[in-house]
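Participant: Input: one structure, supplied below.
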Amino acid sequence: MLVHILIYLGLGGTGLYVCYLKRKTGKLPFPREAFRLLLVVSLLGNTLGLFMTISGGTGDYYPERTGFKRKEGAAYYQEVICSREGDQNTLRLLIPEKKGEAGSPRNATQNTGGEADGQSTRQIKEAVSEYNLKEDDPDYYYLPSEVEGIPVRWKRPDDPSGMILAGLFAAAGILLLFRSYHEEDEKRKRKEEQMLLDYPGLLMKFTLLTGAGMSARRAFMKIGYDYQKSRKKERYAYEEILKLCREMDSGVSEAEAYQKFGEQCGIASYRTFSTLLIQNLMHGSRTLYGLLEREQTEAWEERKRRARVQGETAATKLLIPMVLMLTVSLVIIMIPAFLSFY
């Protein structure tokens, strides 16, 4: 029961802490859907485990004259706890099979204790066996209310099934949370990688259009319209340009729209690009073309460097399959050579 309470308190405390972070920082430390899934899975598992713990009567005392039903054609073991004068003994009683029509048990094995049992446990088992021989009930196997004149109470053993179930569901919720977080992180990395790959081409188009006499606003409109007309696969950088065009059409000033564009992209290269555009609005376009040419050259050099890094990474990933293939080849060659010696 304590485990279930701790899980409820832990989930409640986690929820309050996340709400506090949301109010203070304005964002959640984990994806919203992932955190919601953690709460649902953990609460469901803990509730089911709590129901199993309560319905199983874990730790409760048996009522007076408790009897275990004998099964037809098969004996089985039942674990019980005997409380006597402040001491507790855990016993594994053998419940004999149901008696035949003549009243003789088909399985005459008695609970007389084994070599591994202590003296107290053996005494209790012998008392249980003698009590049931006197009762001679063909359908039930009873627990006596006293042993050697000393009153005893019988207790159900602890069943950890409910707690194990609650723990497994809580662990599954945490794994799902971290999996969602990992997926979000991978998605963010793929987005950044794609935007960095698109940056030199985007900058080249913008430089050509502005060099041909277009304003920065009309150049963005042209790039966004061409992308929208021929869009087959989502490109994050061009999607941000479409947002930029919609904001400018809705009445947002160019300087504010360019600043939001750099912030939404979240990459240093795009922030530099937006800064150049804002400076162009403030100080004129006399030096913009030269700055864009220099930024374009640096962007292409950065893309070449990233391409080399990706090529080296791919070569490293191919190393393991190559080693495995070499191992298989050595085995194919060496085994016949060794066999030829015999």
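Nothing in this text is a laboratory measurement; each read-out follows from the coordinates by a stated rule. Bear in mind the structure is a predicted one, so any value in this text is a computation, not a measurement. Every residue, glycine as well, gets a Cβ built from its backbone with ideal geometry; the counts of neighbours run over all protein chains shown.
Participant: For the stretch 139-150, how many residues meet the condition of being part of a strand (DSSP E or B) and in contact (Cβ under 8 Å) with a residue 40 or more places away in the chain?
Facilitator: 5
Participant: Something else about it: Restricting attention to the stretch 199-219, report how many residues are in contact (Cβ under 8 Å) with a residue 24 or more places away in the chain and farther than 14 Å from Gly266 by Cβ.
Facilitator: 10
Participant: For the stretch 163-183, name all the residues that are loosely packed, with under 15 Cβ neighbours inside 10 Å and aliphatic (A, V, I, L, M).
Facilitator: Answer for the stretch 163-183, where residues must be loosely packed, with under 15 Cβ neighbours inside 10 Å and aliphatic (A, V, I, L, M): Ile164, Leu168, Ala171, Ile174, Leu175.
Participant: Output the helices (runs of 4 or more DSSP H) that fall wholly within the stretch 184-299 and possess 3 or more residues being charged (D, E, K, R) and buried (at least 16 other Cβ atoms within 10 Å of the Cβ), or say none.
Facilitator: Passing ranges, in order: 236-249.
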